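Peer 1: One structure follows; several queries about it will come next.
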Amino acid sequence: MDSETLLARITDYENRPDPYPLYAELREAGPVVRQADGSYLIGTYHEIAALLHDPRMSADPRIRTAPSPYPSGETVKPPFLRLDDPEHHRLRTLAMRPFGPPHSPGRVDAMRGEITRITGELIEELRDRKQIDIVDDFAYPLPITVICRLLGVPREDESLFQAWTDSIVATADIGPEEDTTERDQVGRRARQEMGLYLVNLAEQRRDRPTDDMLSAFVNEPDPALRLSQEELAETTVLLFIAGHETTVNLITNGVLTLLRQPEQLDHLRREPGLLPRAVEELLRYEPPVHMRERIPHADIDIAGTTISQGTSVVLALASGNRDPRRFHEPDRFDPTRPDNQHFGFGSGIHLCYGAPLARLEAEAALGALIPHLSTASLVQDPPPYRQNAMLRGPRHLPIQL
């Protein structure tokens, strides 16, 4: 049956520029659609929302007992993004202490001026250019610079992270029936190297703190609230990857969407106060993360289908964001859309830790770019996309100014 190949077709690179017709086909096929490998695919809003909040569903890949389109063979404890409570709650709480409320309520907001300054510098560097690549010249440098400032990575070391990040992100991709052994080995090595670098950098700050998150982690006065070295490595790598990879896609998808819809670009240029709502709409309309995996702890019934314990369930978040039973005219980009409870940052206990920072960066980036986009045009449409189907976004976005 065609429905059993939906995930394979969605993840096929040929459909990267526009997977949305396939998501519509998924929603038509039913709330729960079994795939040829025995996993299940879910693309309807209300079922996804329920499962993201259901304690019977695990994020931990180690409890799988059946084939999965996701990478397998975890050799170490996953980062807290892929753990369940109570361990997830413990590690997330410790990671949040130097980042946000209640212990560091001003950390992200204090970055506002720095983000504005970095954005202004990037815009200034592009001022006399006739053609630019939004990814390489703007959407990548902004969040990587911000997350390096937050963690305390010296500017001269920022260039080390691109290759590490690319290798680690590749292991998070979803691809049915692919041999990912070599890719996963490269990704594990990159994760180890990045983790070792960040732990060593943090150790240099022990008893000599500077105003950054690595210093805060290693100088926590309460022994009960300290991360072990292994936990520090996993947590800081996760924060680094999550702190910039999705933001690159959010900014790039935003520029692409606005250049394709000049009336909305003009609307935002005339009413910049709509920008926060426009960012929320971008998170719904062209989200940076398209899928998440969950695994039931026990046999579970979902919309009349019984799914066995340990079976891989792929939640197509981007499909839920376009579900007409939840959103009026879901295929229309509407920066004034009310009640926009999208899955752009997930939902439930694993709601994106860095969402406030990503929103701030996207607003600053698009706010700075919009005045310069009114005479811009796309050099290539669709642009070349990244290989990754789960973290979907253009690899390059050349525009003519």
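The values are calculated or read from the model by the stated rules, or taken from the named source; none is laboratory data. These numbers come from a predicted model, not from an experiment. Quick reminder, even Gly has a Cβ in these numbers, built from the backbone with ideal geometry, and neighbours come from all protein chains shown. Accessible surface is based on the protein model in full, side chains and every heavy atom, while ligands, DNA and RNA are left aside. Shrake-Rupley method; radii C 1.70, N 1.55, O 1.52, S 1.80 Å.
Peer 1: Go through (1) free of Cβ contacts under 8 Å to residues at least 60 places away in the same chain; (2) buried (at least 18 other Cβ atoms within 10 Å of the Cβ); (3) not in a helix (DSSP H, G or I) and name the single condition Ala190 misses.
Peer 2: Looking at each condition in turn, Ala190 falls short on (3).
Peer 1: Here's another thing I want to ask about it. Out of Leu198, Leu238, Leu268, report the one residue that is out of contact with any Lys or Arg (no Cβ under 9 Å at 6 or more places or on another chain) and over 21 Å from Ile168 (Cβ atoms).
Peer 2: Working: Leu198 fails: over 21 Å from Ile168 (Cβ atoms); Leu238 fails: over 21 Å from Ile168 (Cβ atoms).
Only one candidate passes the filter, namely Leu268.
Peer 1: What tally of residues in the range 319-345 results from selecting those that are modelled with pLDDT under 95 and among the small types (Gly, Ala, Ser)?
Peer 2: 0
Peer 1: With the condition kept exactly as written, say whether any residue in the range 201-223 is surrounded by 13 or more Cβ atoms within 10 Å (Cβ to Cβ) and more than 22 Å from Arg149 (Cβ to Cβ).
Peer 2: Checked the range 201-223: no residue is surrounded by 13 or more Cβ atoms within 10 Å (Cβ to Cβ) and more than 22 Å from Arg149 (Cβ to Cβ).
Peer 1: Right, something else. Considering only the range 233-243, I want to know if a residue exists there that is in contact with a Ser or Thr (Cβ under 6 Å, 6 or more places away or on another chain) and either at pLDDT 95 or above or open to solvent by 30 Å² or more (accessible area, probe 1.4 Å) (or both).
Peer 2: no
Peer 1: Okay, next question. Any idea which residue in the range 277-293 is most open to solvent (accessible area, probe 1.4 Å), counting only those that are within 20 Å of Glu25 (Cβ to Cβ) and assigned to a helix (DSSP H, G or I)?
Peer 2: Tyr285
Peer 1: Now for a different question. Touching a Leu at 6+ places or on another chain (Cβ under 7 Å), in a loop (DSSP other than H, G, I, E, B) and touching a residue at least 60 places away in the same chain (Cβ under 8 Å): does that describe Leu250?
Peer 2: When the stated conditions are applied, Leu250 does not pass them.
Peer 1: Next up: Mind checking which residues of the range 350-392 are of a type outside the set (S, T, N, Q), farther than 29 Å from Glu114 by Cβ and modelled with pLDDT under 95?
Peer 2: Ala389, Met390
Peer 1: Also, I was wondering about something else. Go through the range 127-152 residue by residue and tally those that are among the hydrophobic types (A, V, I, L, M, F, W, C) and without any contact (Cβ under 8 Å) to a residue 60 or more places away in the chain.
Peer 2: Residues flagged as among the hydrophobic types (A, V, I, L, M, F, W, C) and without any contact (Cβ under 8 Å) to a residue 60 or more places away in the chain within the range 127-152 amount to 1.
Peer 1: Give me the residue from the range 128-169 that is of a type in the set (Lys, Arg) and open to solvent by 70 Å² or more (accessible area, probe 1.4 Å) and, out of that set, farthest from Gly254 (Cα to Cα). Even if it seems obvious, please write down each step before you answer.
Peer 2: Narrowing the range 128-169 to residues of a type in the set (Lys, Arg): 129-130, 149, 155.
Among the residues that remain, those that are also open to solvent by 70 Å² or more (accessible area, probe 1.4 Å) are: 129-130, 155.
Values: Arg129: 21, Lys130: 20, Arg155: 27 Å.
The selected residue is Arg155.
Peer 1: Next up: Give the residue, chosen from Pro67, Pro61, Pro102, that is at pLDDT below 90 and farther than 28 Å from Pro221 by Cβ.
Peer 2: It is Pro67.
Peer 1: Given Thr116, Thr44, which one is under 21 Å from the mean Cα position of the chain (by Cα) and either aromatic (Phe, Trp, Tyr) or more than 16 Å from Ile295 (Cβ to Cβ) (or both)?
Peer 2: So the residue among Thr116, Thr44 that is under 21 Å from the mean Cα position of the chain (by Cα) and either aromatic (Phe, Trp, Tyr) or more than 16 Å from Ile295 (Cβ to Cβ) (or both) is Thr44.
Peer 1: Filter the range 279-314 down to the residues that are in contact with a Gly (Cβ under 8 Å, 6 or more places away or on another chain) and among the aliphatic types (A, V, I, L, M) and list them by number.
Peer 2: Matches in the range 279-314: Val279, Leu282, Leu283, Val289, Ile295, Ala303.
Peer 1: Among (1) free of Cβ contacts under 8 Å to residues at least 40 places away in the same chain; (2) closer than 30 Å to Pro382 by Cβ, where does Arg27 come up short?
Peer 2: (1)
Peer 1: If you scan the range 298-330, which residues turn out to be of a type in the set (Asp, Glu) and in contact with a Pro (Cβ under 7 Å, 6 or more places away or on another chain)?
Peer 2: Of all residues in the range 298-330, those of a type in the set (Asp, Glu) come to 299, 301, 323, 329.
The answer is Asp323, and nothing else.
Peer 1: Then there's this: Looking at (1) closer than 13 Å to Ile349 by Cβ; (2) out of contact with any Phe, Trp or Tyr (no Cβ under 7 Å at 6 or more places or on another chain), can you tell me which one Leu91 breaks?
Peer 2: Going through the list (1) closer than 13 Å to Ile349 by Cβ; (2) out of contact with any Phe, Trp or Tyr (no Cβ under 7 Å at 6 or more places or on another chain), Leu91 breaks only (2).
Peer 1: A further question follows. Grab the helices (runs of 4 or more DSSP H) fully contained in the range 9-127, keeping just those with 2 or more residues being over 29 Å from Thr181 (Cβ atoms), open to solvent by 20 Å² or more (accessible area, probe 1.4 Å) and among the small types (Gly, Ala, Ser).
Peer 2: Working: elements: 20-29, 45-52, 87-96, 112-126.
Of the helices (runs of 4 or more DSSP H) lying wholly inside the range 9-127, those with at least 2 residues that are over 29 Å from Thr181 (Cβ atoms), open to solvent by 20 Å² or more (accessible area, probe 1.4 Å) and among the small types (Gly, Ala, Ser) span 20-29, 45-52, 112-126.
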